Amino acid sequence: MKKNVMIAIAISLVFLASIPAAIGAQPPKYRIGIVFDIAGRGDKSYNDGAYNGLKLVAQAYKGYIKGDPDKVNSGTEIELKYLEPKQGGQDREQLLRVLAEDGYNLVFGIGFAFTGSIEKVAKDFPKTNFALIDGTVAGLNEDSNLTCISFAEHEGSFLIGALCGLMISDKPAAKLGFLGGMDNPLVHKFQSGFIAGATYVNSRLRKPGMIIPQYVGKDTTAFRDPKTASAIASAQYNSGAEIVFHASGGSGAGLFEAAKYYGKEAIGVDTDQGYSYMTNDKDTTAKEVGKYILTSMLKRVDQSIFVLSRNLIEQGRVKGGYKVFGLSDNGVGLAVNEFNQAKLSPYAARIEALKSKIVAGQIVVPSNDADTAAFVNALK
């Protein structure tokens, strides 16, 4: 009798143990994948913003990130995955194809460098939804299987420039610096908004040489060259810059080190970089660096990934064509957190008022060098 009971218990335990496996064996409702830009995950900027988007989807829709070292797992209904290209990015197209061939329903290419590759792959996989961050493919419509996502970086950068202009208004000799990654039109949108905002609130900065813009390089490696970025930032600080704002991806780490060395302030980009540094318990030096990161210009790549994923999951499809995220829908903005709130508080009302004017169309922020020059001249 006792032996039979033991056998029954053993069978029950085997059955119970098999339940999670059976549940896990059920195919996910949707599969969503991304291919990072060349700096990869861990850049505390652009790509980490994309990774955060996957986490938002996992949390909201009972999903998990396949193969993720951090083991993000809120359920088995949505499978998420990311791939990282080689250092030169020459395998971008191949990685997009891998995800499409594996049956992923929505595939993101993170960065304008994917433009040619994703256009080609989208044509080869007409039943797969694709999304391109920061790139433009002509001739799309709502029925296309490709969505091009862009951001009003110039609008968010205007608020950053205004903040900096206000903060140095009582320092007659103080200058500002802008540190760009790759010297291209996209990064010049950041520079344009920054200069426009700073000169709008501080007439002294309208004089030539008061805002110092410099770039790391001419190709995509400029987004992962912190050594060169550090040298440029050091020169800017030595030339009188009190605050330097960067739009250089992973190269921004070099700016932050220079800011710490000179005891000056820096401004991050894409994600809340100051918060990331100040809450990093794995790197003993991160918090010391984080003290010099005043704020960041948020470019909500995470929200763009979440919104398109939400459309797929809740509506069964993603509209093709073009979508822009700006100040009106909090697609860009200024990072406020527990570490910088007190320092930013004196300027909060003025910044909010400027934001309202931009959203209402009362301030039209320039997005290129020529329009920026005209904008500044009109202020004089």
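The values are calculated or read from the model by the stated rules, or taken from the named source; none is laboratory data. These numbers come from a predicted model, not from an experiment. Methodologically, a virtual Cβ is constructed for each residue, glycine included, from the backbone with ideal geometry; neighbour enumeration extends over all protein chains shown. SASA here: full protein model, heavy atoms, side chains in, ligands and nucleic acids out. Shrake-Rupley method; radii C 1.70, N 1.55, O 1.52, S 1.80 Å.
Could you go through the range 50-72 and let me know if any residue there is on the phi > 0 side of the Ramachandran plot, in a loop (DSSP other than H, G, I, E, B) and modelled with pLDDT under 95.
Yes, that holds for at least one residue.
What number goes with the only condition from (1) surrounded by fewer than 23 Cβ atoms within 10 Å (Cβ to Cβ); (2) under 28 Å from GLN87 (Cα atoms); (3) among the charged types (D, E, K, R) that LYS299 does not pass?
(1)
Restrict the check to the range 23-36 and report whether at least one residue is surrounded by fewer than 24 Cβ atoms within 10 Å (Cβ to Cβ), modelled with pLDDT under 95 and on the phi > 0 side of the Ramachandran plot.
Taking every residue of the range 23-36 in turn, none turns out to be surrounded by fewer than 24 Cβ atoms within 10 Å (Cβ to Cβ), modelled with pLDDT under 95 and on the phi > 0 side of the Ramachandran plot.
So if I check each of LYS123, LYS127, which one is open to solvent by 20 Å² or more (accessible area, probe 1.4 Å) and either without any contact (Cβ under 8 Å) to a residue 12 or more places away in the chain or part of a strand (DSSP E or B) (or both)?
LYS123
Looking at the range 216-230 only, could you name the residues that are part of a strand (DSSP E or B) and either touching a Pro at 6+ places or on another chain (Cβ under 6 Å) or of a type in the set (Val, Ile, Thr) (or both)?
Residue satisfying the conditions is VAL216 alone.
Only one of ALA253, ALA233, ALA259 is part of a helix (DSSP H, G or I), in contact with a Pro (Cβ under 7 Å, 6 or more places away or on another chain) and within 18 Å of MET297 (Cβ to Cβ); which? Write out each step before concluding.
Details: ALA233 fails: in contact with a Pro (Cβ under 7 Å, 6 or more places away or on another chain); ALA259 fails: in contact with a Pro (Cβ under 7 Å, 6 or more places away or on another chain).
The match here is ALA253.
For the range 315-338, how many residues meet the condition of being at negative phi and part of a loop (DSSP other than H, G, I, E, B)?
Matching residues across the range 315-338 total 10.
Working only within the range 215-238, note down all residues that are surrounded by 20 or more Cβ atoms within 10 Å (Cβ to Cβ) and not hydroxyl-bearing (Ser, Thr, Tyr).
Correct list: VAL216, ALA222, PHE223, ARG224, ASP225, PRO226, ALA229, ILE232, ALA233, GLN236.
Being hydroxyl-bearing (Ser, Thr, Tyr) and open to solvent by 50 Å² or more (accessible area, probe 1.4 Å) is the filter; apply it to the range 51-97 and report the residue that is farthest from PRO28 (Cα to Cα).
Keep residues of the range 51-97 that are hydroxyl-bearing (Ser, Thr, Tyr), which gives 51, 61, 64, 74, 76, 82.
Pick out the ones that are also open to solvent by 50 Å² or more (accessible area, probe 1.4 Å) and you get 64, 74, 76.
Details: TYR64: 10, SER74: 13, THR76: 6 Å.
By that ranking, first place goes to SER74.
Restricting to the range 267-304, give me the number of residues that are outside any helix (DSSP H, G or I), charged (D, E, K, R) and under 11 Å from the mean Cα position of the chain (by Cα).
We begin by selecting, within the range 267-304, every residue outside any helix (DSSP H, G or I); these are 267-272, 279-285, 291-300.
Retained after the next criterion (residues that are charged (D, E, K, R)): 270, 272, 281-283, 291, 299-300.
Next cut, under 11 Å from the mean Cα position of the chain (by Cα) only: 270, 272, 299-300.
Summing the residues that are outside any helix (DSSP H, G or I), charged (D, E, K, R) and under 11 Å from the mean Cα position of the chain (by Cα) in the range 267-304 gives 4.
What are the pairs, 6+ residues apart or on separate chains, where a residue within the range 158-169 that is open to solvent by 10 Å² or more (accessible area, probe 1.4 Å) has its Cβ under 6 Å from a residue that is modelled with pLDDT of 95 or more and outside any helix (DSSP H, G or I)?
SER169/ASN202
Give the residue that is farthest from GLU338 (Cα to Cα), with candidates limited to residues of the range 239-250 that are in a loop (DSSP other than H, G, I, E, B) and open to solvent by 10 Å² or more (accessible area, probe 1.4 Å).
SER239
All but one of (1) hydrophobic (A, V, I, L, M, F, W, C); (2) open to solvent by less than 80 Å² (accessible area, probe 1.4 Å); (3) in a strand (DSSP E or B) hold for LEU312; state the number of the condition that does not hold.
For LEU312, the exception is condition (3).
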